[in-house]
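The values are calculated or read from the model by the stated rules, or taken from the named source; none is laboratory data. The shown structure was predicted, so the numbers you read here are calculated from the model rather than taken from an experiment. Note: ideal-geometry Cβ built from the backbone for every residue, glycine included; neighbour counts use all protein chains shown.
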Amino acid sequence: MTKQQDKTTITVKAIISAPASIVWKNWTTPVDIVNWNNASDDWHTPQAENNVCVGGTFNYRMEAKDGSMGFDFEGVYNNVILHRKIEYTINDGRKVKILFSESDNQTEVTETFEAEETNPVEMQQTGWQAILDNFKKYVEEKRHNPDYLVE
């Protein structure tokens, strides 16, 4: 965690046993996003829309499975480099940068985001890391499924 221009930034990382093209596809495709985008088992993403291009938008509906609460996680893409980098601005104005770095058929995903001021930094870091860990698990389990086809 670092401070940049009075804004606290948080970084989470995961190394995924898959090439960047597969990691990218699973990160950006709505049918995949709804399967991994949750920080805990009592939450889910029932709907995702994603237009990954500069000026494109995304909207992930995140909800507690018991229906007690939910919110739209949405924003606009500022920079997109296929299989390498995504930068976007969340609708509350915070910036996020995601780097995809491939080496030896593995991809390190590094996600850096500006913290919000409502929840403790540690809680935010734990939540975003949990989502990234779910993503890693999803991609690696999907790749080992014999019915999985690489596109």
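Some observations on this one:
- Test: residue in segment 132-141 that is in contact with a strand residue (DSSP E or B) (Cβ under 9 Å, 6 or more places away or on another chain), closer than 24 Å to Pro19 by Cα, aliphatic (A, V, I, L, M) and at pLDDT 95 or above: yes
- Residues in segment 15-24 that are outside any loop (DSSP other than H, G, I, E, B) and more than 12 Å from the chain's Cα centre (by Cα): Ile15, Ile16, Ala20, Ser21, Ile22.
- The residue that is farthest from Lys136 (Cα to Cα), among those in segment 89-109 that are of a type in the set (Asp, Glu) and outside any strand (DSSP E or B), is Asp92.
- Selection within segment 103-131 - out of contact with any Lys or Arg (no Cβ under 9 Å at 6 or more places or on another chain), within 21 Å of Ile22 (Cβ to Cβ) and either in contact (Cβ under 8 Å) with a residue 40 or more places away in the chain or surrounded by 15 or more Cβ atoms within 10 Å (Cβ to Cβ) (or both): Asn105, Gln106, Thr107, Ile131
Residues checked against (1) among the hydroxyl-bearing types (Ser, Thr, Tyr); (2) surrounded by 15 or more Cβ atoms within 10 Å (Cβ to Cβ); (3) closer than 27 Å to Glu141 by Cβ:
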| position | (1), (2), (3) |
| --- | --- |
| Pro46 | no, no, yes |
| Asn50 | no, yes, yes |
| Cys53 | no, no, no |
| Arg61 | no, yes, yes |
| Ser68 | yes, no, no |
| Arg84 | no, no, yes |
| Glu87 | no, yes, no |
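- In segment 25-49, the residues that are part of a loop (DSSP other than H, G, I, E, B) and among the acidic types (Asp, Glu): Asp41, Asp42
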